[in-house]
Amino acid sequence: MEPKQKLEEFAEQQPDRYRYYITNEALQKGTCPHMEDMKLVEIKEITPVLVESGTVKAFGYVEYPRPLAKEQEQEYALVPSSENENHLWTAELSTEQNMNMIDGIPNNEPPRINQGYTILESEIVGHMEYVLAENRDAPQPYATWARNMKNDEERGDENFFWGHYFRDPEAAAKDFHARADEQRDYLRESRPSLLDMLRQDQKEAARSIQELPAMDHVKRGLER
């Protein structure tokens, strides 16, 4: 595909899907966040298509049934489609009680609670979420936890585990960021990049083409 090609030639975004474009940086970072019923479209030629009125060079895109968190967008260098905002506004309008509650947070959900602790901060790295929480009545008022979002999505609830507890808020905040950074480093070392995956696909396709004449020869021999 040529860079001058427009969004209409790329594909039309469906009203119930949230699209995120794969940038050059995203090709190097790794695979996209996993979500059930996601749709991944890659441009095999590794040639970008201009989208978003020519402001984004996309090497492909991934679509989800729900929006990604901002942390996930940043972690994987994915650029959200401008149409996502329209879809989110429509979805929120159908669930909120009145127009004064339209704020980009569907249902204006109450604070998240785990074991009596109120979650103050959250950071998503890959399929893991790390949280910093507070319970002023607890002997150790601050805690950090992790949860596997992929497993929780299949189970239908949130299961936080591997708790670390602190009296000092600064120590808790340091642990919170360190846990997320440790997972980020692990993913960077262990997961293949999208570019590596595409190159592997090209090698397999080339190998299949080379094997075709040999297979045809075998097939002709069997037909005799």
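Structure values in brief
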read-out: Distance (nanometres) between label positions extended 7 Å along Cα→Cβ at A178 and R112; value: 2.2
read-out: Segment 122-164 - accessible surface per residue (Å², probe 1.4 Å); value: 49
read-out: Note, ³J(HN,Hα) from phi for segment 117-131, Karplus 6.51, -1.76, 1.60, rounded to Hz, x at Gly and Pro; value: 9, 8, 6, 9, 9, 9, 9, 9, 10, x, 9, 9, 10, 10, 10
read-out: Label-point gap, in nm, between D16 and A138 - each point 7 angstrom along Cα→Cβ; value: 3.9
read-out: Förster radius 45 Å - calculated FRET efficiency between T55 and D157, Cβ distance, rounded to 0.05; value: 0.70
read-out: In segment 6-75, the trypsin sites (Lys or Arg not before Pro) that fall in loop regions by DSSP, at most 11 other Cβ within 10 Å; value: K6
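The values are calculated or read from the model by the stated rules, or taken from the named source; none is laboratory data. Values in this document were obtained by computation on a predicted structure and should not be read as measured data. So basically every Cβ, Gly included, is an ideal-geometry build from the backbone, and we count neighbours across all protein chains shown. Side chains included, ligands, DNA and RNA excluded: accessible areas come from the protein's heavy atoms. Shrake-Rupley method; radii C 1.70, N 1.55, O 1.52, S 1.80 Å.
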